[in-house]
1. Residue check: is Ala138 aliphatic (A, V, I, L, M), more than 11 Å from the ligand (Cβ to nearest atom) and part of a helix (DSSP H, G or I)?
2. Cys56 is checked against (1) away from the ligand (no atom under 16 Å from the Cβ); (2) touching a strand residue (DSSP E or B) at 6+ places or on another chain (Cβ under 7 Å); (3) not small (Gly, Ala, Ser) and fails just one. What number does that condition carry?
3. Restricting the search to the stretch 78-127, which residues are outside any strand (DSSP E or B), within 9 Å of the ligand (Cβ to nearest atom) and not hydrophobic (A, V, I, L, M, F, W, C)?
4. Applying the selection to the stretch 1-22, what residues are within 15 Å of the ligand (Cβ to nearest atom) and small (Gly, Ala, Ser)?
5. Tell me whether the stretch 61-75 contains one or more residues that are touching a His at 6+ places or on another chain (Cβ under 8 Å) and either assigned to a loop (DSSP other than H, G, I, E, B) or farther than 18 Å from Cys157 by Cβ (or both).
Amino acid sequence: MAKIQILVGSVGGRAGQTAKAVSYVLSYQGHQVRLNESPTPQDLLQDADEVLLVCCSTTGEGELPPLLYPLFYALDDQRVNLTGRRYGVIALGDSGYKHFAQAGYMLENALYAAGAKRVGEICTLDARKVENHPLAAAQWANAWVMELDEPQKVVSC
Ligand SMILES: Cc1cc2nc3c(=O)[nH]c(=O)nc-3n(C[C@H](O)[C@H](O)[C@H](O)COP(=O)(O)O)c2cc1C
């Protein structure tokens, strides 16, 4: 069973609801899940065994939810060393905007810069196409969590 910290970044609440559904599904399977709705850089380092799972929306013109900026800068500046750690990304967005799901991609790049390794494909949830974000993310997470034990498999959503 895995230890997973879900790092939430939401403006209107949808990413928060989505993260809760993912947390519920993974906990039900017996994984140890920490749902963190106001993640700080320090939270990343509390437990080296934790897999990190970002669940965030994009706001403004391709911007992160404001609460996530301290985390993003700490990663991007490589003030946090996540060598050996693994992560996944659920990126909410709307393809009607120019910078679709950019916040998720920014965090993906920053986690990579900090030395962590992504598991699975990024799960992008487009508000124009996805009717039920929590359900779509929970289905993706079911496959994603299995890949934690099978690194060669590719999981997309
Ligand atoms: C003011 C505003 C700006 C947004 N800007 C973007 C954007 O640049 N790119 C994108 O993909 N989605 C953008 N979105 C869409 C949101 O990311 C999407 O609706 C998401 O599901 C909202 O999740 P949340 O309720 O957790 O914030 C924007 C939404 C709003 C309201």
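Just so you know, all these numbers are worked out from the coordinates, no wet-lab data involved. Note that the structure is a prediction, hence the values are computed from the model and not measured. Positions of Cβ are generated from backbone atoms using ideal geometry, with glycine treated the same way; all protein chains shown enter the neighbour counts.
1. Yes, satisfied.
2. Of (1) away from the ligand (no atom under 16 Å from the Cβ); (2) touching a strand residue (DSSP E or B) at 6+ places or on another chain (Cβ under 7 Å); (3) not small (Gly, Ala, Ser), only one is false for Cys56: (1).
3. Of everything in the stretch 78-127, those that are outside any strand (DSSP E or B), within 9 Å of the ligand (Cβ to nearest atom) and not hydrophobic (A, V, I, L, M, F, W, C) turn out to be Asp94, Ser95, Gly96, Tyr97, Lys98, His99, Gln102, Gly104.
4. We begin by selecting, within the stretch 1-22, every residue within 15 Å of the ligand (Cβ to nearest atom); these are 6-22.
Gly9, Ser10, Gly12, Gly13, Ala15, Gly16, Ala19, Ala21, listed by residue number.
5. Looking through the stretch 61-75, at least one residue is touching a His at 6+ places or on another chain (Cβ under 8 Å) and either assigned to a loop (DSSP other than H, G, I, E, B) or farther than 18 Å from Cys157 by Cβ (or both).
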